[in-house]
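Here is the structure we will look at.
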Amino acid sequence: MGRYEEGVEIMESKRVIMAIGGHIGDMELTAGGTLATMALEGHHIITVALTAGERGNPAHLTDQKIEEATKFAKRLGGEAIVFDYLDGELPNNEWVRYQLCDVIRHNKPDVLITHWSHSMHKDHANTHKIVKDAQFLAGLPALNREEKAHFAAGPYYAENWEDSDHFKPYVYSVVSEDGFKLWQKAIDYHWFALNSTSFRYKDYYSNLKGVRGAEARVRYAEAFELDPMQKRVINKFKRGELIMKTIQEMSLKEKIGQLIVAGFAGPSLSEADYAHFEQYHIGNFIYFARNVFSKSSVLSLSKELHELCLKNLGVEPFITVDQEGGMVTRIFDGAAIFPGNMAMAATDDVTNVYQEGVYMAQELLNLGINFNLAPVLDVNNNSHNPVIGVRSYGDDPQKVAEFGCAYIKGLQHHGVIATAKHFPGHGDTVVDSHYGLPVINYDLTRLEEVELVPFKAAIECGIDAIMTTHIKFSKLTQDDYPATLSKDILTGILREQLKFDGLIMTDCMEMKAIADHYGSAEGALLAILAGADLVCLSHSAEIQAKACDLIYEAVLDGRLLESRIDESISRILALKEKYKLQKMNVLSEETIEKHQVFARQMSRDSLTMVKGSLNLREVNTLVLSPLPVSLNAADDALKLDSFAHRVATELGADFEIFDLKLNVEQLQALIEKAKPYKQIIIGTYNVSMFQIQAKLVQELLQIDEELVAVGLRNPYDLEFYPEVKHFVASYEYSTLAVDSLVSAFKGEETFSGICPVKIAGV
């Protein structure tokens with residue numbers, strides 16, 4: 001059925017679930033909440049009744065019972081199968097076993113659910129025996145039937161008041177609130193569940209789901225029993241227990257696997273992924289947009305990974321993601337889309353950032369993610385920074401510290417690890433470490449005045465993880481390594497000077513700053529030697545394998561002490577115990593919408609009139625902008641309508657889309673098109689990287705000196721065309737920000753934001 005965690009049975013996705021009852025209605029009542037929940041998560045549900053159970057209805061209504069079963073199953077997107085035996089006369093013979101065997105082989109269920117063995121009802125007791133034997137026959141290759149052999153897991157025995165003798169809840173299946181509501185609607189198709197005068201079936205099983213939910217520490221749940229042999233097979237995941245391997249129990253290769261944070265290609269695990277992760281005992285994972293297609297798929301993937309690690313290691317994984325908000329957002333379905341750091345800082349209210357952390361934690365935790373690679377604590381004081389920019393809270397170290405700590409508290413106080421990055425600071429660079437090796441020549445005094453301020457504050461407020469940066473700080477190191485590989489920085493400064501005892505995690509070792517200069521696998525070993533606890537290898541299974549092998553060989557040849565690894569393992573296991581995932585269950589649409597309402601308000605509150613005002617005239621208007629594109633490897637793929645098209649459509653204006661790599665001919669063509677217009681609005685997108693936009697703005701000013709410019713991502717755009725009278729900063733080119741801009745240009749919103757960075761000339 002699924003994996004076991006703190007008394008809660010968590011179902012896997014993309015399974016066929018077959019619930020087999022003696023009568024129509026048996027499984028619908030006793031396991032219906034589980035079936036409904038699993039149906040909503042994308043499972044295929046099949047109900048099987050060996051008799052119609054016609055004695056529970058008014059006389060001669062067998063056809064009605066079959067119709068009820070069909071309607072229930074269809075409501076769950078599944079199907080119903082009804083045998084033609086009479087209620088109370090179910091035979092306990094070989095023929096009915098072969099019939100059910102053929103049904104199992106044909107439909108190929110992954111899991112079987114049925115009645116408990118001890119029952120006062122003869123049909124229930126016989127069904128229990130029939131199902132167990134049919135399960136065996138269906139999985140027996142030597143048995144020659146029309147369909148090929150198929151083995152289904154289970155059976156899991158549902159809780160029925162008529163089968164209560166010796167029934168003891170062994171596992172609990174989470175029933176989501178949406179699943180409970182769906183079950184309540186579907187069960188209403190069954191006449192007897194509502195109208196029986198001898199027993200109030202719906203009321204009883206509704207209340208029972210609440211009772212079992214309280215026992216399992218969730219709102220609703222259903223209890224199941226197992227055969228003694230099944231219990232022995234899964235005994236290390238008994239109710240209320242999560243067995244964490246101790247350092248002494250772990251092999252060297254298992255320890256090394258705990259040091260790795262691995263990425264992989266798709267939204268589910270391939271056979272090759274399984275084999276690779278099992279072989280190298282990989283203990284932690286990272287999600288990118290390529291892994292996240294929908295809320296159901298990410299929940300399913302998280303369950304797969306948790307189950308894999310618990311099965312192989314007895315230790316939960318860290319599942320990490322860069323869910324920063326704004327331009328670095330991996331999950332779009334099943335989660336609210338929050339503004340990025342600079343936009344949140346522009347609201348000028350630290351409580352907003354704390355609330356964002358709370359909501360983010362709730363959403364990630366309920367998708368099986370327990371480790372967020374956020375917040376960015378880099379102080380962005382270089383207007384040409386190609387990779388940080390609006391990912392920062394601003395250029396004031398104290399403000400960055402204040403906002404960062406609020407987010408950390410919101411996230412960690414609600415069950416998700418926060419990660420302060422990128423230590424000791426990536427804010428004053430003009431080189432993106434994804435593509436090259438930046439070098440910073442500041443000494444420790446300067447770093448203590450600026451870059452280290454937010455990290456010191458984060459340590460004081462209890463940050464559990466810090467990510468290192470691939471930057472050479474030439475005046476801080478004797479080893480001439482970038483920070484990620486430098487013992488002088490990781491151990492000397494971060495551990496000894498700043499007294500940080502949480503997890504040190506590397507940025508991805510496949511970034512060119514490391515890969516091109518040291519090699520990703522060798523870099524992983526160097527990082528551990530320097531004091532890192534977790535090494536991020538985001539893409540290549542080959543590199544992950546090579547890194548594990550190098551680390552193993554380094555211990556054998558004495559280059560790396562196993563005791564050094566043990567130091568990291570002790571921190572990792574302690575934090576995994578602290579952030580042990582209690583349950584996974586997708587938040588309701590209502591809750592996510594509540595979060596999104598908050599996010600929309602934050603986006604509107606962030607809009608900043610940096611210069612001038614917005615007094616649009618009722619004249620012919622042209623709106624220009626580029627299409628949004630990813631500007632660096634940290635960005636997500638952007639799929640949204642252009643600013644120009646959206647605003648023009650709402651204002652009844654014309655629009656033009658221009659290429660960020662405008663040539664002279666294209667530039668001149670745009671100028672000619674703009675000449676007839678009395679009013680011009682232009683959105684620019686990181687002018688420091690595409691400076692031809694500045695020339696375009698300057699030329700358009702000759703047509704409309706009251707031109708309104710919008711920095712669609714970087715407020716520093718204004719430095720490149722300071723003569724503009726009216727300038728708006730939105731801090732990101734996202735659907736959320738464009739929606740807010742449209743509202744503002746229609747006069748529905750005011751510009752209340754405060755720009756978090758200083759702009760030269762303003």
> Going by the conditions given, is PRO438 touching an Asp or Glu at 6+ places or on another chain (Cβ under 6 Å) and under 12 Å from THR469 (Cβ atoms)?
Replying inline: no
> Of the residues HIS413, HIS426, which single one is within 26 Å of TYR579 (Cα to Cα) and either surrounded by fewer than 23 Cβ atoms within 10 Å (Cβ to Cβ) or more than 18 Å from the chain's Cα centre (by Cα) (or both)?
Replying inline: HIS413
> So which residues in region 472-502 are farther than 14 Å from ALA530 by Cβ and either charged (D, E, K, R) or in a strand (DSSP E or B) (or both), if there are any at all?
Replying inline: LYS475, LYS499, ASP501
>> Among the listed residues ALA221, ALA214, ALA275, identify the single one that is loosely packed, with under 13 Cβ neighbours inside 10 Å, at pLDDT 90 or above and not in a loop (DSSP other than H, G, I, E, B).
In response: ALA275
> Looking at region 473-485, is at least one residue more than 20 Å from VAL376 (Cβ to Cβ), crowded, with 20+ Cβ neighbours inside 10 Å, modelled with pLDDT of 90 or more and of a type in the set (Ser, Thr, Tyr)?
Replying inline: yes
> Considering region 621-642 alone, what residues qualify as being closer than 16 Å to ALA709 by Cβ and either assigned to a loop (DSSP other than H, G, I, E, B) or within 28 Å of the chain's Cα centre (by Cα) (or both)?
Replying inline: SER642
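For residues that are among the acidic types (Asp, Glu) and not in a strand (DSSP E or B), scanning just region 648-695, find the one that is nearest to VAL387 (Cα to Cα).
Per the stated criteria, the residue is ASP659.
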>> Going by what's in this entry, would ALA39 be described as modelled with pLDDT under 95, in contact with a strand residue (DSSP E or B) (Cβ under 8 Å, 6 or more places away or on another chain), of a type outside the set (S, T, N, Q) and assigned by TED's automatic domain parsing to the domain that holds LYS168?
In response: yes
>> Can you tell me which of (1) surrounded by 20 or more Cβ atoms within 10 Å (Cβ to Cβ); (2) more than 30 Å from GLN398 (Cα to Cα) is the one GLN323 doesn't meet?
In response: (2)
> Given the residues THR320, THR351, which is the only one that is over 20 Å from LEU607 (Cα atoms) and among the hydroxyl-bearing types (Ser, Thr, Tyr)?
Replying inline: THR320
>> Just the residues that are among the small types (Gly, Ala, Ser), in contact with a Ser or Thr (Cβ under 8 Å, 6 or more places away or on another chain) and at pLDDT 50 or above, please, taken from region 1-28.
In response: ALA19, GLY21, GLY22
>> I need every pair where a residue in region 373-396 that is closer than 14 Å to GLY325 by Cβ has its Cβ under 6 Å from the Cβ of a residue that is hydroxyl-bearing (Ser, Thr, Tyr) and outside any loop (DSSP other than H, G, I, E, B), sequence separation at least 6 or different chains.
In response: LEU373/THR320; LEU373/THR419; PRO375/TYR407
>> Pairs please, first residue from region 293-308 and farther than 19 Å from HIS276 by Cβ, second anywhere and polar (S, T, N, Q) and in a helix (DSSP H, G or I), Cβ atoms under 8 Å, 6+ apart in sequence or on different chains.
In response: VAL298/ASN291
>> Based on this model, can you work out whether ASP87 counts as crowded, with 17+ Cβ neighbours inside 10 Å, acidic (Asp, Glu) and touching a residue at least 24 places away in the same chain (Cβ under 8 Å)?
In response: yes
>> For a quick check of your reading of the model, give me the residue pairs whose first member lies in region 429-442 and is crowded, with 17+ Cβ neighbours inside 10 Å, whose second is among the hydroxyl-bearing types (Ser, Thr, Tyr), with beta-carbon atoms closer than 8 Å and at least 6 apart or on different chains.
In response: SER433/THR469; PRO438/THR429; ILE440/THR429; ILE440/SER474
>> Restricting to region 88-119, name every residue that is in contact with an Asp or Glu (Cβ under 7 Å, 6 or more places away or on another chain) and closer than 19 Å to ILE24 by Cα.
In response: GLY88, LEU90, ARG97, HIS115, TRP116, SER119
>> Take the residues in region 509-526 that are in a loop (DSSP other than H, G, I, E, B) and in contact with a helix residue (DSSP H, G or I) (Cβ under 8 Å, 6 or more places away or on another chain); name whichever of them is farthest from GLY558 (Cα to Cα).
In response: GLU510
>> I need a count of the residues in region 432-465 that are within 17 Å of VAL376 (Cα to Cα) and either assigned to a helix (DSSP H, G or I) or among the hydrophobic types (A, V, I, L, M, F, W, C) (or both).
In response: 14
>> Just the residues that are surrounded by fewer than 16 Cβ atoms within 10 Å (Cβ to Cβ) and either under 36 Å from the mean Cα position of the chain (by Cα) or closer than 18 Å to LEU40 by Cβ (or both), please, taken from region 182-194.
In response: LYS185, ASP188
>> For a quick check of your reading of the model, give me the residue pairs whose first member lies in region 594-622 and is free of Cβ contacts under 8 Å to residues at least 40 places away in the same chain, whose second is of a type in the set (A, V, I, L, M, F, W, C), with beta-carbon atoms closer than 8 Å and at least 6 apart or on different chains.
In response: none
> Out of region 304-323, which residues are assigned to a helix (DSSP H, G or I), charged (D, E, K, R) and over 14 Å from the mean Cα position of the chain (by Cα)?
Replying inline: GLU307, LYS311
>> For SER740, only one of the following conditions fails: (1) more than 30 Å from ASP378 (Cα to Cα); (2) of a type in the set (Ser, Thr, Tyr); (3) in contact with a helix residue (DSSP H, G or I) (Cβ under 7 Å, 6 or more places away or on another chain). What is its number?
In response: (1)
> How many residues, within region 555-573, are more than 20 Å from MET505 (Cα to Cα) and without any contact (Cβ under 8 Å) to a residue 40 or more places away in the chain?
Replying inline: 4
> Yes or no: SER625 in contact with a Leu (Cβ under 8 Å, 6 or more places away or on another chain) and exposed (fewer than 14 other Cβ atoms within 10 Å of the Cβ)?
Replying inline: no
> What number of residues in region 225-266 are crowded, with 17+ Cβ neighbours inside 10 Å, under 28 Å from the mean Cα position of the chain (by Cα) and modelled with pLDDT of 55 or more?
Replying inline: 11
> For region 154-181, which residues satisfy the criterion of being in a helix (DSSP H, G or I) and in contact with a Gly (Cβ under 9 Å, 6 or more places away or on another chain)?
Replying inline: GLY179, PHE180
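Considering only region 324-338, I want to know if a residue exists there that is part of a helix (DSSP H, G or I), more than 19 Å from THR468 (Cα to Cα) and not assigned by TED's automatic domain parsing to the domain that holds ASP717. Write out each step before concluding.
We begin by selecting, within region 324-338, every residue part of a helix (DSSP H, G or I); these are none.
Scanning region 324-338 turns up no residue that is part of a helix (DSSP H, G or I), more than 19 Å from THR468 (Cα to Cα) and not assigned by TED's automatic domain parsing to the domain that holds ASP717.
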> Got at least one residue in region 634-643 being assigned by TED's automatic domain parsing to the domain that holds GLN698, without any contact (Cβ under 8 Å) to a residue 40 or more places away in the chain, closer than 15 Å to VAL697 by Cβ and not β-branched (Val, Ile, Thr)?
Replying inline: no
> VAL728 fails exactly one of the following numbered conditions: (1) β-branched (Val, Ile, Thr); (2) in contact with an Asp or Glu (Cβ under 6 Å, 6 or more places away or on another chain); (3) crowded, with 24+ Cβ neighbours inside 10 Å. What is the number of that condition?
Replying inline: (2)
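The values are calculated or read from the model by the stated rules, or taken from the named source; none is laboratory data. What you see is a predicted model; the values in this text were computed from it and never measured. Here the Cβ is made from the backbone with ideal geometry for all residues, glycine too, and neighbour counts use every protein chain on show.
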